[in-house]
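Structure, as structure tokens:
The values are calculated or read from the model by the stated rules, or taken from the named source; none is laboratory data. Everything numeric here is computed off the predicted structure, so don't read it as measured data. Note: ideal-geometry Cβ built from the backbone for every residue, glycine included; neighbour counts use all protein chains shown. In case anyone asks, the SASA skips ligands and DNA or RNA and just uses the protein heavy atoms, side chains included. Shrake-Rupley method; radii C 1.70, N 1.55, O 1.52, S 1.80 Å.
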Amino acid sequence: MSIWRSLTHGLRALKRRAATDNDIADEIAHYVELATAAHVARGLSPEAARRAAQLEIGNPTASHEQVRAFGWENAVEALAADVHYAFRRLRGNAASSAMSILTLALGIGATTAIFSAVNPILLESLPYPHADRLVVIDDRANDGSPAAATFGTFNELRARSRSFHALAIADRWQPSITGTSEPERLVGQRVSANYFRTLGVTPAVGRDFDDAEDRVGGPNVAILSDRLVQRRFGGDRSIVSRNVRLDDNEYLVIGVMARRFANVVAPSADIWAPLQERAVAPFNSREWGHHYKIIGRLDTSTTTERASRELLVIGHTPVQEFARPPWAAMKDGMLVRSLHDEVTGDAKPALIAIVGAVFLLLVIACVNVTNLLLARGAHRRAEFAMRVALGAGRARLLRQLLTESLVMAGMGGALGLGVAQVGVRALVALSPPGLPRVEAIGIDGPVFAFALVATTLIGLVVGLVPALGATRAGFRDSLERSSRRTAGARGAARRVLVVLEVALALVLLVSAGLLMRSLERLFAVAPGFESSHLLTMQVIDPGRAHASDTARWRYYGLVLEAARHVPGVGAAALTSQLPLSDDLDGYGYEFESTPTVKPGEDGSALRYAVTPGYFETMGIPLRRGRVFDPTDLPGNPEVVVISESLARHKFGNQNPIGQRVKFGPETASSTRPWDVVVGVVGDVKQESLALSRTDAFYVPMGQWSWVDNVQSLVVRTSGDAAALVPSVKRAIWSVDANRPIQRIITMDGLIATTAAQRRFALVVIETFALAALILAAIGIYGVLSGSVNERMREIGVRSALGASRGSILTLVLRQGMSLTLLGVLIGLSGAIAATRAIMTLLFDVSRLDPVTYVGVIVLLAGVSILACWMPAWRAARVDPAITLRAE
């Protein structure tokens with residue numbers, strides 16, 4: 001029969017079942033008539049011939065079913081019958097079914113939500129053509145770690161390297177945009193002309209940069225993101241070929257990037273302009289500063305390893321036309337890493353830990369549902385035995401039971417998608433700053449496919465053990481077998497699963513406990529200042545109207561004075577970089593008395609240009625000497641305050657007051673005057689609470705080589721710091737209403753942000769651990785409750801023979817706690833191994849921290865006792881007379 005005829009025949013059979021049954025009956029009757037005629041022809045009487053024909057055909061009903069079994073429609077009908085019966089079984093055990101479905105929904109939903117984050121961040125390739133050939137090229141720090149490259153290095157590599165199809169470079173750019181709306185400081189990039197072509201993308205509207213535009217003195221042109229066009233210009237794509245005002249300069253908009261464009265190098269960037277750097281520049285210029293990002297696209301025949309070897313050769317063979325300063329000598333080559341690893345590297349530890357946690361939760365959910373199905377199977381022994389006795393084969397019974405578990409898993413998966421949607425929103429809301437590709441997190445096609453596959457596999461897994469147990473060999477005699485013996489075999493399997501649940505729950509609880517202890521230790525670290533009642537905000541440079549350092553210094557002085565007069569402000573000051581922020585500004589130094597750098601020192605320190613009153617406003621303690629006062633002005637003798645750690649490193653127990661030092665780009669200049677150390681202040685955390693780099697020097701604003709065009713205002717308030725934000729902003733804009741203000745946050749909020757990645761992992765793993773604890777308690781309760789039901793006769797006999805309620809209570813409690821103890825012992829070894837995945841997230845806490853392990857064991861034991869108590873109490877109250885009478 002052709003496929004088309006088979007298909008149409010099957011559809012007709014499904015649609016007109018009665019007519020199909022009549023056709024089959026007619027076909028069987030016709031066969032009987034033909035067989036009868038054949039027997040008559042051989043000499044049998046008509047009655048004997050019909051009987052012989054009927055014996056050939058066998059049972060008419062069985063023959064009818066056998067004929068109907070041919071064709072795909074029979075399989076569809078059988079499946080529909082199995083599904084219908086599965087729904088009947090679920091309705092018949094509503095409470096148990098609801099518990100199983102909700103448990104699976106939790107496991108599937110949590111797993112799907114985490115996959116929606118892991119897939120675009122860790123698994124999918126970056127959204128560029130041939131993204132596997134995109135690499136990042138970094139300089140090497142003294143310790144071998146990656147360091148930002150210089151433009152001079154890029155210029156040499158572009159001319160000498162042959163491993164790359166293209167090389168591009170980018171630098172951070174934060175222009176201020178003004179116009180009809182409120183002034184705003186944008187996040188953007190200055191890039192080489194081929195930046196987008198190297199990534200393999202083009203603007204959706206307009207054009208890309210031209211090579212002629214990427215030169216010193218080139219035209220002011222810019223490309224905007226779709227996000228900026230939507231936010232600032234109402235989505236008007238005709239902004240192309242119009243001018244926008246950036247930093248008091250007119251820029252021609254030549255293109256708009258596509259809405260789906262993901263700039264993984266700088267995800268928050270909204271605007272791009274040509275870099276326009278000098279090909280040949282003096283060593284003390286910005287072109288030789290370590291603040292550039294080099295992106296390369298490898299040739300098709302080149303690997304990352306070959307490119308690294310080529311750059312090492314280039315580093316070892318300098319040429320005259322490309323002079324190099326000591327800090328960019330490339331003597332150890334360059335670090336070449338895939339762009340994917342660069343983007344995901346920081347987020348990978350937290351995500352891997354979360355993936356491990358959700359996998360454990362999913363296993364616990366599957367174990368719990370398997371336990372519930374085993375318990376339900378114990379009550380269906382008679383049904384299974386009757387089916388076998390009536391001729392149901394092992395395969396048929398197995399198919400029915402697996403269909404039931406698949407239907408249950410399907411309902412759990414459908415609810416799980418709703419749970420996943422809520423989980424995705426929570427993940428995005430809780431995601432730490434800097435988490436790559438957050439915009440790609442969501443329920444899309446691959447995530448839906450993952451949920452479907454996971455649901456199917458889970459349905460098979462949770463149903464397989466109960467189904468195999470129900471269809472094992474010899475089950476035909478179950479009606480005659482001792483129910484106690486059968487219950488014992490099934491009880492052993494359920495107890496093993498509960499032990500596994502407890503062990504897995506302990507692993508999750510230990511991980512959550514270690515992260516909690518780590519955060520507790522982290523927030524106990526002294527940041528070096530008083531964070532309460534401290535408001536901060538960035539004030540952007542005043543633009544062309546105050547282009548000189550002197551004019552800029554005067555402008556910031558007016559801003560500071562205006563802020564100090566706001567009601568509720570106790571003190572205010574300005575600083576070039578704010579502790580525990582994204583700011584990281586360091587320079588080399590040289591003390592007159594100790595000109596050489598000691599082993600282990602990198603010869604640099606953080607630089608803060610501050611106004612008088614900064615240390616008092618921040619609450620940074622003075623250790624020696626004095627802090628800055630109003631006499632430390634431009635043109636007066638240059639003074640400096642150093643941090644306690646820098647004083648200790650350079651002078652030990654000696655007094656550094658009066659020592660002379662040079663900082664910054666003109667350290668080696670013989671014409672630059674020496675600064676005098678006038679004070680030593682306490683150490684301050686700059687990068688994060690977890691990092692210990694605290695060597696720093698402070699200079700008065702105006703006495704540094706330049707006045708920074710971005711300053712952080714710090715305000716000490718007498719009440720709620722956040723409540724003063726509108727008043728302080730109005731005060732700043734009273735000086736110049738066209739200057740943007742950004743990064744408005746209290747210092748307490750900034751401290752919390754520094755631990756965002758650890759907090760993210762903690763919240764997620766803590767949630768999973770709590771769910772695992774609840775599921776483990778449900779599992780213990782379910783096993784003991786089922787055990788009490790199955791041992792009711794035994795308990796009644798014990799009571800009749802004189803056993804006290806206390807002894808029966810102890811018996812059941814001992815049974816439950818023995819399962820918990822065994823699970824704890826297994827879980828401890830698992831936790832010791834599993835916590836390696838979160839080592840990078842821990843701070844000042846060992847992964848073998850005894851306080852955490854003891855606390856988790858006590859918690860798990862307490863929950864287990866509660867789970868055991870109700871079945872134990874019910875067993876202790878068994879009436880022996882009623883039990884024995886029932887027997």
Taking Cα pairs closer than 8 Å and at least 6 residues apart, the relative contact order of the stretch 617-729 in percent is 36
What is the stretch 149-231 by shape, rounded, prolate or oblate, if you read a ≥ b ≥ c off the alpha carbon gyration tensor as root eigenvalues and call it rounded for a/c under 1.5, prolate for a/b larger than b/c, and oblate otherwise?
prolate
If you keep only loop residues by DSSP, which chymotrypsin sites (Phe, Trp or Tyr not before Pro) in the stretch 147-205 have at most 14 other Cβ atoms within 10 Å of their Cβ?
none
Using a 10 Å cut-off on Cβ atoms, rank the peptides 569-578, 254-263 from the highest mean neighbour count down.
569-578, 254-263
Per-residue accessible area, 1.4 Å probe, largest first, puts MET747, MET99 in the order MET99, MET747
Solvent-accessible ranking of GLU638, GLU592, GLU520, largest area first, probe 1.4 Å:
GLU520, GLU592, GLU638
Compute the Cα gyration tensor for the stretch 241-300, then decide on rounded, prolate or oblate, letting a ≥ b ≥ c be the square roots of its eigenvalues: rounded whenever a/c is under 1.5, prolate when a/b is larger than b/c in the other cases, and oblate in all that remain.
oblate
If each residue of separation counts as 0.36 nm, what is the full-extension length gain between ARG237 and PHE359 once their alpha-carbon separation is subtracted?
39.4 nm
Between ALA493 and LEU452, how many nm apart are label points set 7 Å from Cα along the C-beta direction?
3.1
Sorted by packing (mean other beta-carbon atoms within 10 Å per residue), highest first, where do 453-459, 681-687 land?
681-687, 453-459
Rounded to the nearest 0.05, what FRET efficiency do ILE832 and SER804 give with R0 = 51 Å and r taken as the Cβ-Cβ distance? Could you check?
0.80
Per DSSP, loop trypsin sites (Lys or Arg not before Pro) in the stretch 136-191 with at most 14 further Cβ within 10 Å
ARG162
Compute, for HIS290, the solvent-accessible surface of its heavy atoms (probe 1.4 Å) with the complete set of protein chains present, and express it in square angstrom to the nearest 10.
70
Applied in sequence order to the stretch 333-338, the curve 6.51 cos²θ - 1.76 cosθ + 1.60 (Karplus, θ = phi - 60°) yields integer Hz couplings, x standing for Gly and Pro, of x, 10, 8, 10, 10, 5
Which length gain, in nm to one decimal place, applies between ARG259 and ALA98 when the Cα-Cα distance is subtracted from 0.36 nm times their residue separation?
53.7 nm
In whole Hz and in residue order, list the ³J(HN,Hα) couplings for the stretch 610-623 that follow from phi through the Karplus curve 6.51 cos²θ - 1.76 cosθ + 1.60, θ = phi - 60°; x for Gly and Pro.
10, 9, x, x, 5, 5, 5, 5, 6, x, 7, x, 8, 9
Using the basic label-point model (7 angstrom from Cα toward the beta carbon), what is the LEU398 to SER268 distance in nanometres?
5.8
Under the rule a/c < 1.5 gives rounded, and otherwise a/b versus b/c splits prolate from oblate, where does the stretch 218-343 land using the Cα gyration tensor?
oblate
So ARG207 and THR550, fully extended at 0.36 nm per residue minus their Cα-Cα distance, gain in nm 119.5 nm
Per residue of the stretch 586-593, what does 6.51 cos²θ - 1.76 cosθ + 1.60 with θ = phi - 60° give for ³J(HN,Hα)? Whole Hz please, x for Gly and Pro, Karplus curve as stated.
x, 9, x, 8, 8, 7, 4, 7
